[in-house]
1. Those residues that are charged (D, E, K, R) and without any contact (Cβ under 8 Å) to a residue 40 or more places away in the chain, I need them from region 299-339; list them, please.
2. Can GLU397 be described as assigned to a helix (DSSP H, G or I) and at pLDDT 90 or above?
3. Does region 345-380 hold any residues that are closer than 16 Å to LYS178 by Cβ, charged (D, E, K, R) and open to solvent by less than 80 Å² (accessible area, probe 1.4 Å), and which are they?
4. Within region 150-196, which residues are assigned to a helix (DSSP H, G or I) and of a type in the set (Asp, Glu)?
5. Does at least one position in region 345-366 carry a residue that is over 30 Å from PHE207 (Cα atoms), free of Cβ contacts under 8 Å to residues at least 60 places away in the same chain and over 30 Å from the mean Cα position of the chain (by Cα)?
6. For region 213-229, which positions are outside any loop (DSSP other than H, G, I, E, B) and either surrounded by fewer than 17 Cβ atoms within 10 Å (Cβ to Cβ) or touching a Lys or Arg at 6+ places or on another chain (Cβ under 6 Å) (or both)?
7. Working only within region 230-243, note down all residues that are part of a loop (DSSP other than H, G, I, E, B) and open to solvent by less than 30 Å² (accessible area, probe 1.4 Å).
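The values are calculated or read from the model by the stated rules, or taken from the named source; none is laboratory data. Only a predicted model underlies this, so the values are computations on that prediction, with no experimental measurement involved. Glycine gets a Cβ as well: all are built from the backbone with ideal geometry, and neighbour counts include every protein chain shown. Ligands, DNA and RNA are excluded from the accessible area calculation, which covers all protein heavy atoms including side chains. Shrake-Rupley method; radii C 1.70, N 1.55, O 1.52, S 1.80 Å.
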Amino acid sequence: MKWLSVLPQQCILLMTCVLMALEAVPIDIDKTKVKGDGHVEGEKVENPDTGLYYDEYLRQVIDVLETDKHFREKLQTADIEEIKSGKLSRELDLVSHHVRTRLDELKRQEVARLRMLIKAKMDSLQDTGIDHQALLKQFEHLNHQNPDTFEPKDLDMLIKAATSDLENYDKTRHEEFKKYEMMKEHERREYLKTLDEEKRQREESKFEEMKKKHGDHPKVHHPGSKDQLKEVWEEADGLDPNEFDPKTFFKLHDVNNDGFLDEQELEALFTKELEKVYDPKNEEDDMVEMEEERLRMREHVMNEVDVNKDRLVTLEEFLRATEKKEFLEPDSWETLDQQQLFTEDELKEFESHISQQEDELRKKAEDLEKQKEELQRQHDQLQAQKQELQQVVKQMEQKKLQQGNPPAGPAGELKFQPPAEHKAGDAPNHPPGGDQPLPPGHVQEPAARTDQVHP
């Protein structure tokens, strides 16, 4: 997997995605407690979600590529220029037929999934005549012009899209956290407005007490400093702090043994520092803030150590960082509770945005209520008309009965009346068999006259 880790800043590397999405141990597992236990080959590791909308497709493509021996060897020996020029992606033409067939199948499935999502979205807008091919242009992780086969261009596009999206993902997380904090403060202030003076003072006192309690924690070491790493070496790894060795430390915490510390492996090193500040059992400690603190620590170390900005730390980069003055004599680390996360102006703008959204929702609710009332009025009107028509029909039937006419049906047709039975002794209107056809050659004799006198 080395090949993937030497990406230049300009070229997006698949290894970034591999390490972040596939081989990294989840950050909620303390990876520092390895104690020399090796990685079990074939062991299923639950990987953290990258947050990408094509996360599953990315994982599957990488898994399939790694099954080809030739391509895996090329990955391990590829240099930056080969990656930048796209030469590495062209190695796809030399992989086995089975691998190419599987990649083609994965791409067709992904295209079908995207089309289904597009159709669902457009159907929700009650649109017709959907041009899937045009809408697929908005997806940059595959070549939409060729939806059937996985080509070198698809690999290039997947690598670039994944790295770019992952870089923006951290920025998005920071923005979402800031909104989260402003919403907390907004709701707190709105709640205070509902209280009388005495209760409001009690709530304010409780709030300040909780802040003070949260801030009363042991000193947090500067992330990536010698003191911080030695604490992991001693407390998590169970080793003698006087025998701290950076090279051994690196190899010990390179959990997947690929020669690099990825972002998840770095974040796992900060668990001990975070436990000094956050405890899920404490009411005053917010676990959302803890994850933001973890992200800040990881970004800080990456900025100081990751020289080529490929989002991976090599052994050389790590050892070079341990020789700097900042490693031995770092500045103090300010935790989130020591920082101003937003200004009053930002909070006011945020509240104004919320108020605007609430007004829009309120207006929509009012419009829907008016529509409901109008529909109910129309329904009531139709019901009244129906009852009037039923009453008129009933009156007409009663009138016809009084006149001796058979009652009419709903559409005015006469209702069927069964023929009346003949009373005993009544002569039939027609002679027997009068309506029956005669056999061939038979002439019906005229009926005898009743006025003739017989001897």
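1. Matches in region 299-339: ASP306, GLU316, GLU317, ARG320, GLU323, LYS324, LYS325, GLU329, GLU334.
2. Numbers: assigned to a helix (DSSP H, G or I): yes; at pLDDT 90 or above: no.
Answer is no for this residue.
3. If the condition is that a residue be closer than 16 Å to LYS178 by Cβ, charged (D, E, K, R) and open to solvent by less than 80 Å² (accessible area, probe 1.4 Å), then GLU346, GLU351 are the ones that fit.
4. Residues of region 150-196 that are assigned to a helix (DSSP H, G or I), as a first pass: 152-193.
Passing the criteria: ASP154, ASP156, ASP165, GLU167, ASP170, GLU175, GLU176, GLU181, GLU185, GLU187, GLU190.
5. yes
6. Of region 213-229, the ones outside any loop (DSSP other than H, G, I, E, B) are 213-215, 226-229.
Result: LYS213, GLY215, ASP227.
7. Step one: of region 230-243, the residues part of a loop (DSSP other than H, G, I, E, B) are 237-240.
Within region 230-243, ASP237 is the sole residue that qualifies.
Residues checked against (1) in the same structural domain as ARG296 (by the TED database); (2) closer than 30 Å to MET290 by Cα:
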| position | (1), (2) |
| --- | --- |
| LEU328 | yes, yes |
| SER332 | yes, yes |
| GLU349 | no, yes |
| HIS353 | no, yes |
| ASP359 | no, no |
| LEU368 | no, no |
| GLN371 | no, no |
